[in-house]
Amino acid sequence: MNTNSYLRIENGYDISKITGVIPQNIGEGFQFDLSDKTYTTMGSYTKDKKRLMNIEISSFCGLCGGAIHYYAKLYIKVSNMCGNSSVSGYLGGIEIPNDYQTIKGEFVRPLTQKEKDEQPDRWDDWYEVGDLVNAFESLEEIENLIKNLKKKFSSKEWKVEIRRNY
């Protein structure tokens with residue numbers, strides 16, 4: 001299973017396009033001047049100098065009648081830093097290039113004919129068989145994709161935190 005094809009990046013550097021190991025400094029290094037200070041884009045690190053990547057798994061199972069799906073999102077934070085201070089939001093017209101912003105993405109998979117047939121109200125005319133959707137029918141499916149994705153992140157340089165919100 002090619003994990004790159006099951007990851008849709010919504011913001012930041014598109015790590016799904018990287019075929020090898022993801023570099024620890026991804027999204028870092030863009031500099032800009034604001035209010036007589038020079039800010040640099042930097043990632044979030046642990047005390048032992050590992051870059052943080054967060055994955056959140058969520059579901060409405062048990063909370064919403066008929067809910068059967070699980071969802072997974074990925075975040076690699078990038079902040080605009082000058083020493084210990086940071087800035088975000090409107091930056092006086094300064095545009096931070098997308099490759100130097102927080103990486104946000106979600107895990108996706110192809111919609112099957114079986115699902116379309118069994119849940120016509122959910123997968124109405126807007127969806128075609130094979131379209132990439134973010135709803136998974138099992139935790140195992142998501143966990144296998146996460147396991148494969150983690151292989152692209154050196155355990156010496158990265159810490160992958162998984163939060164389960166269900």
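The values are calculated or read from the model by the stated rules, or taken from the named source; none is laboratory data. No experiment lies behind these values; they were computed from the predicted model shown. Because the Cβ atoms are built from the backbone with ideal geometry, glycine has one as well, and the counts that use them run over all protein chains shown.
The table that follows gives values for the structure above.
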quantity: Cβ-Cβ under 6 Å pairs, at least 6 apart or on other chains, region 138-166 side within 27 Å of D48 (Cβ to Cβ) and modelled with pLDDT of 95 or more, far side exposed (fewer than 15 other Cβ atoms within 10 Å of the Cβ) and among the hydroxyl-bearing types (S, T, Y); calculated: K159/T46
quantity: Members of region 137-166 that are among the charged types (D, E, K, R), closer than 22 Å to P23 by Cα and outside any loop (DSSP other than H, G, I, E, B); calculated: K147, K150, K159, E161
quantity: Residue in region 86-96 that is on the phi > 0 side of the Ramachandran plot, loosely packed, with under 12 Cβ neighbours inside 10 Å and touching a Ser or Thr at 6+ places or on another chain (Cβ under 9 Å) present; calculated: yes
quantity: Matching option when the condition is under 17 Å from the mean Cα position of the chain (by Cα), under 24 Å from S5 (Cβ atoms), surrounded by 15 or more Cβ atoms within 10 Å (Cβ to Cβ) and not polar (S, T, N, Q), among Y100, Y71; calculated: Y71
quantity: Residue match in region 4-17 (condition: in a strand (DSSP E or B), farther than 30 Å from E118 by Cα, over 22 Å from the mean Cα position of the chain (by Cα) and modelled with pLDDT of 95 or more); calculated: no
quantity: Given (1) modelled with pLDDT under 95; (2) among the hydroxyl-bearing types (S, T, Y); (3) surrounded by 17 or more Cβ atoms within 10 Å (Cβ to Cβ); (4) more than 19 Å from the chain's Cα centre (by Cα), index of the condition S35 fails; calculated: (3)
quantity: Residue check for P120: out of contact with any helix residue (DSSP H, G or I) (no Cβ under 7 Å at 6 or more places or on another chain), modelled with pLDDT under 95 and surrounded by fewer than 15 Cβ atoms within 10 Å (Cβ to Cβ); calculated: yes
quantity: Output for region 36-57, where each listed residue is within 23 Å of L7 (Cα to Cα) and polar (S, T, N, Q); calculated: S44, N54
quantity: Residue among I18, I57, I76, I22 that alone is out of contact with any strand residue (DSSP E or B) (no Cβ under 7 Å at 6 or more places or on another chain), buried (at least 18 other Cβ atoms within 10 Å of the Cβ) and not polar (S, T, N, Q); calculated: I22
